[in-house]
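Computed from the coordinates by the stated procedures, all read-outs in this text should not be read as laboratory data. Quantities reported herein were computed from a predicted structural model and do not represent experimental measurements. Please note: Cβ atoms are built from the backbone with ideal geometry, for glycine as well, and neighbour counts cover all protein chains shown.
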Amino acid sequence: MKKFVILLSLLFAFQFAVKAQVAIDDDIVIFNVHLLETFEINVTAGGVQEITFLGPDDYNYGVTEAGGIVSGTSTVTVNATGTWDMTIEADDFSPLPGFSGSIDIDNLGFWIESTGSYNFGDELVLTNGNDAPENSLAMPITGSDVVIIGNGTGNTGGEAENTFEFHWEMGTMRANPAGPMNPATMFSQLAAGLFSLGDFTTTATLTLRKL
Amino acid sequence: MKKIVILLSLIFALQAPVLVFAQLEDTENVVFNAILGGVFNLVVQDGELQTATFNTADDYNFGISESIGTPGIDPGFTTVAMEATGNWYLQIGAPDFTPISGTGTIPIDNLGVWCEATGTHQFGTEVSCAFQTAETALGLQNANVTLIDLLTNNSGGAPENQFVLHWLMGTMQGSMNIESMFAQLSAGQFSQGTYTTTVVLTMTEIP
């Protein structure tokens, strides 16, 4: 009788266990992700700047985004899967047909503001200290290979991290020791016959370099 | 003796009609026992291997899918079918991406999925799914998350229970990782390289 009771108990327990099982099936999907290298620099706004010297103050003291240069700023973004630095260079301004002389490129200056999440002094290095109007750096002449933004604690990142506002000036004679702008006024250079009244142009080239 | 003869005669006389009636009708039975065993089968019909390639700044900044990025995610979708004699629900989960080359790990919530019902069972009728568009995509987790659930009755075969899972990566939609792949890369979460993970789909019977 005792054996019979035990047998029945085991039978019930087994049935319970069987009934408690829930059918499960599974399958898989395999994902392989390739993170490839990319280094891009883009001028997303302000790719063309119109600089107009109109009155004596413009010739004597220069022009900025506050007056004389439209738009006066350029937005530059960097997307880099590794660390990087940036150079800039330009030829002297050359005259359009019908005008004469050339304007030295050091009459053009700029300062840089970091508007992404990376900051100068942390992830980034502002190589020449041109972080405000009074510290504007003269545009380097073509071939001078001047680094303007370098790597700090690690500047790998996209445009959310690496966005910059370039502020342009011309004829303001800023005296940044790393690259002083032309100390002579546009008036004195005009008077000296370096260039005439008229229309001139140049193209600045920004270069992103993988480190 | 006479009595015995009479008695035997009566017995034969009675038996004869009985035998005649017994041969006029007969019956026999064939018993059919149909055993409908429970079947719960999950099948990945295509798209078992997915290759996601981040190739440009836009890929890193905005993410990729079957239609975003070049090549983006190839093929970018997976067709699954459930053959079930009862009701069921489907869960999904995966470990973080681990490097084949490169360093660090890619959190699995950078991978997203949304569902399309291509069988006769439809979302809102027989089944439910909270992730029916890219904008409401599920960011995968290490633990299982229910992807498709029972609404009324979802037992059926592949013609009824067929679904296309659309994959996203780095698009920051729905419950996916809110940071761009670039931000995570720049934060040192992972480097350039090749990474892999295996997504597990689990179908479970609802008793």
Review point. Once fully extended, how much extra length lies between A:ALA66 and A:ALA132, figured as 0.36 nm per residue of separation less the alpha-carbon to alpha-carbon distance?
Key: 22.4 nm
Point to revise | Under-5 Å amide H pairs with B:MET176, H placed in peptide plane, nonlocal only | key: B:GLY139
Review point. Between A:SER102 and B:THR196, how many nm apart are label points set 7 Å from Cα along the C-beta direction?
Key: 5.8
Practice item. Give, in nm to one decimal, the length gained when the segment between B:ALA158 and B:ILE178 is fully stretched (0.36 nm per residue of separation minus the Cα-Cα distance). Key: 3.7 nm
**Study point:** Per-residue ³J(HN,Hα) for segment B:35-40, Karplus 6.51 cos²θ - 1.76 cosθ + 1.60, θ = phi - 60°, Hz, x for Gly and Pro
**Key:** 9, 8, x, x, 10, 9
Check your understanding: Once fully extended, how much extra length lies between A:PHE187 and A:THR52, figured as 0.36 nm per residue of separation less the alpha-carbon to alpha-carbon distance?
Key -> 47.2 nm
Point to revise | Dipole-positive endmost among A:PRO95, B:GLY63, B:MET176 within the protein assembly as shown (Cβ charges, Cα centre) | key: B:MET176
Review point. Within 10 Å of each Cβ of B:151-163, how many other protein chain Cβ atoms are there on average?
Key: 0
**Study point:** Within segment B:180-207, backbone nitrogen closer than 19 Å to the virtual label 7 Å beyond the Cα of B:THR103 toward Cβ
**Key:** B:182-196
Exercise for review: Provide B:MET82, A:MET173 in ascending order of the number of other Cβ atoms located within 10 Å of each residue's Cβ, fewest first.
Suggested key: A:MET173, B:MET82
Review point. Between A:ASN42 and B:GLN122, how many nm apart are label points set 7 Å from Cα along the C-beta direction?
Key: 4.0
Point to revise | Between segment A:147-174 and segment B:115-134, the Cα center-to-center distance that results, in Å | key: 49
Point to revise | Residue-by-residue Karplus 3J(HN,Hα) for segment B:41-58, coefficients 6.51, -1.76, 1.60, Hz, glycine and proline x | key: 10, 9, 10, 8, 7, 7, x, 6, 10, 10, 10, 10, 10, 9, 10, 10, 4, 4
Study note, to complete from the structure: Summing -39500 (n - 2.57) over every DSSP H run of at least 4 in chain B, dividing by its residue total and rounding to the nearest 500, the 222 nm mean residue ellipticity is -5000 deg cm²/dmol
Practice item. Convert each backbone phi in segment A:34-50 into a coupling constant with the Karplus relation 6.51 cos²θ - 1.76 cosθ + 1.60 (shift: θ = phi - 60°), then list the ³J(HN,Hα) values in order as whole Hz, x for Gly and Pro. Key: 10, 9, 8, 7, 9, 9, 9, 10, 9, 8, 8, 7, x, x, 10, 10, 9
Check your understanding: How high is the FRET efficiency from B:PHE32 to B:ASN142, r the C-beta distance, R0 41 Å, rounded to 0.05?
Key -> 0.25
Study note, to complete from the structure: At R0 = 45 Å the Cβ-Cβ FRET efficiency linking A:GLU113 and B:GLN45, nearest 0.05, sits at 0.25
Point to revise | Long-range HN-HN contacts of B:THR194 with modeled amide H, under 5 Å | key: A:LEU35, B:ILE100, B:SER101, B:GLY102
Review point. Among A:LEU126, A:LEU36, A:LEU108, whose mean-square fluctuation peaks in a Gaussian network model of chain A (Cα, cutoff 10 Å)?
Key: A:LEU36
Study note, to complete from the structure: Least to most buried among B:CYS115, B:CYS129, by other C-beta atoms within 10 Å and fewest first, runs B:CYS129, B:CYS115
Review point. What's the exposure ranking of B:VAL30, B:VAL80, B:VAL43, going from fewest to most Cβ atoms within 10 Å?
Key: B:VAL30, B:VAL43, B:VAL80
Check your understanding: Which far-off residues, 5 or more places away or on another chain, put their amide H under 5 Å from the one on B:PHE97, with H placed in the peptide plane?
Key -> B:ILE106, B:ILE108
Point to revise | Peptide-level mean, for B:90-100, of C-beta atoms on other protein chains within 10 Å | key: 2
